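The values are calculated or read from the model by the stated rules, or taken from the named source; none is laboratory data. Worth saying up front: this structure is predicted, and the values here are computed from it rather than measured. For neighbour counting, all protein chains shown are included, and Cβ atoms are generated from backbone atoms with ideal geometry for every residue, glycine included.
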């Protein structure tokens, strides 16, 4: 393919990805009320179980466009999440011509793993949201009445789910570096202390709320996934060496 043909291919993949996001956003927009109720559920449950927090479980609009902005944000976040498998597929279809036969086998697994890991991270963020809010509200003081703006609450939940999803993608980089033999599993095992520090710093940077509950909820699974990534890389490299010896 010529350079112009590559640009045309890239444009086609981008258009298809954006179309998938748009369709997903429309679907989320149609179910906005149910999705908003789902997102607010941890906050409502916290207010019901902790009356001393002076919160009603309701979100407030402090401007004429706050409700519209929140609706658009939820639609955009939800559309991107729903379209993630299609976007990953389009990325894979764009890069696959440049890969070798062996790399093509790995790329399909990477695309599937990326979707699963991102979804798992987003689910974990939602599951720990109540504990994070409990910590943040508790530190605001007993005499403070909680009144959450709908735009800020939706932004926090969306960024938390995105941060956890991106954090869960880090093991794929570890596996990739092993497959291209930039690092070895033995080196990664020896440097586990450094890896833990890097994971803690990364979790602290990308966690929007900055609370220790969310930091621990992200850092601990990332550390476990780091060990899993080393194991996956070791198995793949062992199979590769065995095939080379038998060839």
Residues of region 179-188 that turn out to be at pLDDT 85 or above and assigned to a helix (DSSP H, G or I), as a count: 4
Is there any pair linking a residue in region 150-167 that is more than 17 Å from residue 68 (Cα to Cα) to one that is at pLDDT below 90 and not in a helix (DSSP H, G or I), with Cβ under 7 Å and at least six apart or on different chains, and which? 159/208; 160/208; 160/209; 163/207; 163/208
Going residue by residue through region 112-124, is there one that turns out to be in a helix (DSSP H, G or I), closer than 20 Å to residue 222 by Cβ, at pLDDT 80 or above and out of contact with any helix residue (DSSP H, G or I) (no Cβ under 9 Å at 6 or more places or on another chain)? yes
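Inside region 49-59, can you point out the residues that are closer than 18 Å to residue 147 by Cβ and exposed (fewer than 12 other Cβ atoms within 10 Å of the Cβ)?
Step one: filter region 49-59 for residues closer than 18 Å to residue 147 by Cβ, giving 50-59.
Answer for region 49-59, where residues must be closer than 18 Å to residue 147 by Cβ and exposed (fewer than 12 other Cβ atoms within 10 Å of the Cβ): 51, 52.
If only one of 57, 63 is free of Cβ contacts under 8 Å to residues at least 24 places away in the same chain, in contact with a helix residue (DSSP H, G or I) (Cβ under 9 Å, 6 or more places away or on another chain) and at positive phi, which one is it?
Working: 63 fails: at positive phi.
Sole residue among the options that is free of Cβ contacts under 8 Å to residues at least 24 places away in the same chain, in contact with a helix residue (DSSP H, G or I) (Cβ under 9 Å, 6 or more places away or on another chain) and at positive phi: 57.
Among 108, 73, which is the only one that is at pLDDT 85 or above, part of a helix (DSSP H, G or I) and surrounded by fewer than 18 Cβ atoms within 10 Å (Cβ to Cβ)? So that I can check it myself, show each step before the final result.
Working: 108 fails: at pLDDT 85 or above.
Sole residue among the options that is at pLDDT 85 or above, part of a helix (DSSP H, G or I) and surrounded by fewer than 18 Cβ atoms within 10 Å (Cβ to Cβ): 73.
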When the residues of region 189-247 are narrowed to those that are crowded, with 16+ Cβ neighbours inside 10 Å and outside any helix (DSSP H, G or I), which ends up modelled with the highest pLDDT? 207
Restricting attention to region 151-163, does a residue exist that is assigned to a helix (DSSP H, G or I) and touching a strand residue (DSSP E or B) at 6+ places or on another chain (Cβ under 7 Å)? yes
What pairs come up if the first residue lies in region 126-138 and is within 25 Å of residue 78 (Cα to Cα), the second is surrounded by fewer than 16 Cβ atoms within 10 Å (Cβ to Cβ) and at pLDDT 90 or above, and their beta carbons are under 8 Å apart, counting only those six or more places apart or on different chains? 130/45
